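As structure tokens, the structure follows; a few thoughts come after it.
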Amino acid sequence: MIAALREARGRGGRPSRDEVPIRNERLLAIAADAFVAQGYDATTIEGIAATAGVAKRTIYSRYPNKKALLFAVVRRLTERQPLDEIAFDAATSFESGLRQLARAMIEISMEPNSIALQRLVLNELKTFPELGQEQWQFVEREHGGRIAAYFRAQKTRAGLRDVDPVKFADMFMRSVFSFVNNVIILRYAIPTGREIDDFLDTLIDVLMNGVRK
């Protein structure tokens, strides 16, 4: 991907159909770095365009204003799908599967750029309350939908109680993100691997005791 981004940067002229998403990904990455480093108010379209080596009109053709660009940056972060990358074989228990899902959510949320962007979102919620609403709606729809589907698929095999899969998914996600928010909001130190394991041990134990027959 990095090589492709560099290649896309070096070429002049109108980008091909294949290059368009690569260039847009690079633009959003540069915009994210600018918002994180400078804050929303101090970041300018001109500065982002200069760093990206494109004309301002190129950015405005995709995003009508700085607010739209910020929303696109946050959407890019939220749409990263760690859950899509997890494949469970037939031997994976529901308990182990939940643990893998929770760890994936924690690890991607604890990446330095992810933490910085989430803090930026918190700072801008007073100005753009819809930013947080849009972000959580996506999490509920995409991540929550996948977790609920996983619960349904495992219900008979794992001998689970007749619990609402959507409510279970919501409880699962809120529990995981409460752990993440200790770092993002309360500015606790990044947890060690042992601390993450201790949290997951308790979380999965409580959840499994709640849904086992």
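The values are calculated or read from the model by the stated rules, or taken from the named source; none is laboratory data. What you see is a predicted model; the values in this text were computed from it and never measured. So basically every Cβ, Gly included, is an ideal-geometry build from the backbone, and we count neighbours across all protein chains shown. In case anyone asks, the SASA skips ligands and DNA or RNA and just uses the protein heavy atoms, side chains included. Shrake-Rupley method; radii C 1.70, N 1.55, O 1.52, S 1.80 Å.
Things worth noting here:
- First in region 54-79 and under 19 Å from PHE128 (Cα atoms) and basic (Lys, Arg), second anywhere and open to solvent by 60 Å² or more (accessible area, probe 1.4 Å) and assigned to a helix (DSSP H, G or I), Cβ under 9 Å, 6 or more apart: ARG75/GLU134; ARG76/GLU25
- A search for C-beta distances below 8 Å between a residue of region 194-213 that is farther than 13 Å from PHE94 by Cβ and any residue that is among the polar types (S, T, N, Q) and part of a helix (DSSP H, G or I), counting only pairs 6+ apart in sequence or on different chains, returns LEU203/SER175.
- Unique match (being basic (Lys, Arg), modelled with pLDDT of 90 or more and touching a strand residue (DSSP E or B) at 6+ places or on another chain (Cβ under 8 Å)) among ARG161, ARG174: ARG161
- Looking only at region 31-54, and only at residues there that are within 17 Å of VAL74 (Cβ to Cβ) and not in a helix (DSSP H, G or I), the one that is least open to solvent (accessible area, probe 1.4 Å): THR43
- In region 136-189, the qualifying residues are those that are hydroxyl-bearing (Ser, Thr, Tyr) and in a helix (DSSP H, G or I), and the one that is most open to solvent (accessible area, probe 1.4 Å) is SER178.
- Residue check for LEU77: modelled with pLDDT under 90, assigned to a helix (DSSP H, G or I) and either among the hydrophobic types (A, V, I, L, M, F, W, C) or farther than 20 Å from ASP205 by Cα (or both): yes
- Annotation note: Cβ proximity below 6 Å between a residue of region 180-192 that is of a type in the set (S, T, N, Q) and a residue that is open to solvent by 50 Å² or more (accessible area, probe 1.4 Å) (sequence gap 6+ or interchain) occurs for ASN182/TYR188.
- The listed residue being small (Gly, Ala, Ser), part of a helix (DSSP H, G or I) and open to solvent by 40 Å² or more (accessible area, probe 1.4 Å), out of SER61, SER114: SER61
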